[in-house]
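Here is the structure we will look at.
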Amino acid sequence: MRQAHGVGAVRAGDAAAGAGLPGDPLMLRAAHGLARTCALLLDGTYGSRVVLLVGSGGNGGDALHAGAALALRGARVDALLLTDRPHAGGLAALRAAGGRAGSDAAVLDDADLVIDGIVGIGGRGGLREDAARLVAHAEATAATLVAVDVPSGVDAGTGEVPGAAVHADVTVTFGALKPGLLVDPGAGCAGVVELVDLGPAFDAALGAPEVEALEAADVAALLPAPTAESDKYRRGVVGVAAGSDAYTGAAVLAVGGALRAGAGMVRYSGPDLPTALVRRRWPEAVVGEGRVQAHVVGPGLGTDDAGLVRLRRVLGDGLPAVVDADGLTLLAGEPPLGGPLVLTPHAGEAARLLGADRADVEARRLEHAQRAARAYDAVVLLKGSTTVVAAPDGRVRVNATGTPWLATAGSGDVLSGVVGALLGGGLDPFDAASAGAWLHGAAGRLASGDEDGTGLAGGPVVAEDLLDALPRVRRDLA
Ligand SMILES: NC(=O)C1=CN([C@@H]2O[C@H](COP(=O)(O)OP(=O)(O)OC[C@H]3O[C@@H](n4cnc5c(N)ncnc54)[C@H](OP(=O)(O)O)[C@@H]3O)[C@@H](O)[C@H]2O)[C@@H](O)CC1
Ligand SMILES: Nc1ncnc2c1ncn2[C@@H]1O[C@H](COP(=O)(O)OP(=O)(O)O)[C@@H](O)[C@H]1O
Ligand SMILES: [K+]
């Protein structure tokens with residue numbers, strides 16, 4: 001499990017580990033880790049050209065100390081100072097090592113590596129204009145850009161990017177991951193994230209993480225596996241109420257998602273036309289209502305009275321349910337209903353659920369997912385470039401196994417089926433949602449061939465491709 005800690009926890013860790021002691025041992029440890037990563041990226045420090053962007057706080061101090069270490073190994077190091085009060089110890093170390101400090105941005109033009117030490121966890125708001133100008137200049141060169149602790153301009157606690165920000169190739173972060181490195185849009189600015197250990201005293205003071213991200217081993221441990229005693233009922237029967245005469249594909253895809261994610265059985269209920277198509281594509285699905293362990297309701301349901309009647313009927317039995325798409329639109333006007341719910345909105349649907357603005361949801365994903373979870377007393381899986389899963393008790397997980405190739409019609413319908421299968425298999429809503437997002441994202445990467453999830457590699461997928469990839473993802477996990 002990857003874990004991220006908020007700014008308050010990191011400050012507590014700093015304090016416990018001796019921040020501010022004479023000689024700044026903690027900062028030296030951080031700067032040493034930073035310099036080591038830079039040296040690896042430079043592929044030979046001697047004769048390389050390094051530029052430091054230096055703000056007024058500890059973040060600039062890290063950059064200056066790392067610059068000193070690189071200068072001692074033969075790099076030509078220039079610091080561009082954005083402040084008349086740079087970290088004194090760091091500046092002295094840089095000068096003693098033969099580095100220079102100044103304000104002529106022309107040094108950026110032939111830099112091999114630029115270190116962003118403008119601002120770290122003490123930052124507020126987007127980058128100021130002078131900093132934003134330098135960053136734009138640095139990003140226009142061929143230099144590798146390494147952010148210190150967090151890309152400057154990214155809110156470390158939330159991933160908000162309120163204005164200009166650094167887009168780093170690598171971020172070297174200290175002591176603990178920060179939520180802003182895992183949640184978009186901030187995560188998208190961080191590049192590859194490297195963590196420098198600040199020691200056991202720091203770790204012990206951190207407390208519970210604010211945000212977690214499941215890794216393959218966590219998902220493998222969560223997923224229900226069949227045993228000698230299993231039969232199709234014990235493995236979980238999922239009821240799917242999706243699709244309408246206008247939206248038939250949603251039914252086929254949601255049923256497929258549930259089957260291919262390992263449901264013991266799927267019962268489909270819906271109008272004649274989607275029913276006929278589900279029968280043809282999935283002869284293993286049972287048509288009609290009956291006993292189930294969990295429901296999926298909403299994809300392609302329609303938002304008319306007939307849809308509302310189906311939604312109420314499904315949620316009326318108090319079983320765990322995934323509510324998606326049209327189901328969410330209908331739910332927005334309903335009094336609290338039924339049993340434990342997983343809501344799977346994209347940003348537009350989340351905005352409707354909260355009476356908020358879509359752009360605000362996208363800018364502050366963590367906050368809005370948490371708000372929706374509290375307001376609906378449900379686990380909320382907010383879809384998008386990083387998926388945020390929030391529980392009403394405040395726990396948050398994010399998922400980054402996906403790829404931008406997943407932004408394709410019907411992909412969300414598959415996800416709702418996957419999460420439904422895990423709910424039906426007995427996972428609690430928080431685990432079902434977060435493991436479901438992981439599997440769906442991994443299936444997207446496998447199907448598209450986009451191994452690093454950036455969208456730069458790989459190619460288009462259609463929702464049906466995800467269905468083919470899901471069993472392979474599960475097999476690989478085992
Ligand atoms: N504590 C420790 O022991 C350790 C800390 N460590 C390191 O220190 C970092 C935290 O240091 P910190 O607290 O000094 O804050 P930090 O992020 O450098 O900058 C704050 C200053 O930036 C400015 N500023 C603010 N917003 C801005 C903006 N939008 N655009 C431009 N400038 C802006 C503002 O100054 P102002 O210009 O307003 O006077 C403010 O005072 C941490 O991230 C890690 O890198 C590591 O060495 C490990 C040990
Ligand atoms: N930029 C992106 N990067 C990664 N995943 C994305 C991105 N955009 C969308 N997705 C994922 O693609 C899926 C799209 O779902 P949704 O918006 O409901 O589509 P639809 O309703 O057409 O099925 C979600 O799982 C979402 O998290
Ligand atoms: K920074």
5 angstrom amide H check on Val240, placed H, neighbours 5+ away: Arg267, Tyr268, Ser269, Val296
Debye, to nearest 20: dipole size of segment 337-478, +1 on Lys, Arg Cβ, -1 on Asp, Glu Cβ: 240
For the chain, size of Cβ-based charge dipole, Lys and Arg +1, Asp and Glu -1, in debye: 640
HN-Hα J in Hz across segment 252-257 - Karplus 6.51, -1.76, 1.60, θ = phi - 60°, x for Gly and Pro: 4, 6, 5, 4, x, x
FRET efficiency, 1/(1 + (r/R0)^6) with R0 45 Å, evaluated for Tyr46 and Arg374 via beta carbons: 0.20
Rel. contact order, % - alpha carbon contacts under 8 angstrom, at least six apart, segment 12-67: 36
14 Å beta-carbon shell around Arg475, net charge (K/R +1, D/E -1): +1
Furthest towards positive pole of dipole, Ala407, Ala168, Leu446, structure part the chain, Cβ charges: Leu446
Residues with amide H under 5 Å from that of Thr171, placed H, sequence gap 5 or more: Ala147, Val192, Val193, Glu194
Dipole axis of the chain (+1 Lys, Arg; -1 Asp, Glu on Cβ), positive-most option in Val252, Pro320, Gly122: Pro320
Using θ = phi - 60° and Karplus 6.51 cos²θ - 1.76 cosθ + 1.60, couplings along segment 379-386 (whole Hz; Gly, Pro as x): 6, 10, 9, 8, 7, x, 5, 10
Helical contribution to [θ] at 222 nm, DSSP H n ≥ 4, -39,500 (n - 2.57), averaged over the chain, rounded to 500: -12500 deg cm²/dmol
Dimensionless Rg ratio for segment 241-285, taking C-alpha atoms and the 2.2 N^0.38 Å reference: 1.00
Exposure proxy order (Cβ contacts within 10 Å, fewest to most) of Arg29, Arg291: Arg291, Arg29
Neighbourhood net charge (12 Å Cβ-Cβ; Lys/Arg +1, Asp/Glu -1) for Ala140: -1
Proximal charge balance of Gly412 [Cβ under 11 Å; K/R count +1, D/E count -1]: -2
Under-5 Å amide H pairs with Lys178, H placed in peptide plane, nonlocal only: His5
Karplus 3J(HN,Hα) series, Hz, for segment 421-436 with 6.51 cos²θ - 1.76 cosθ + 1.60 (x for Gly, Pro): 4, 6, 4, x, x, x, 6, 6, x, 5, 5, 4, 5, 6, 5, x
Segment 2-213 - share of DSSP beta bridges that are antiparallel (%, nearest 5): 10
Likely footprinting exposure, Leu301, Leu315, Leu40, fewest C-beta neighbours within 10 Å first: Leu40, Leu315, Leu301
Simple Cβ-charge dipole of segment 417-478, Lys/Arg +1 and Asp/Glu -1, about Cα centre, in debye nearest 20: 140
Percent of beta bridges antiparallel (DSSP, the chain, rounded to nearest 5): 20
Sorted by Cβ neighbour density within 10 Å, fewest at the top, the residues Lys232, Lys178, Lys383: Lys232, Lys383, Lys178
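Here, each number is a calculation from the coordinates, and none is a lab measurement. These figures come from a predicted structure and were not determined experimentally. Backbone-built Cβ (ideal geometry, glycine too); neighbour counts: all protein chains shown.
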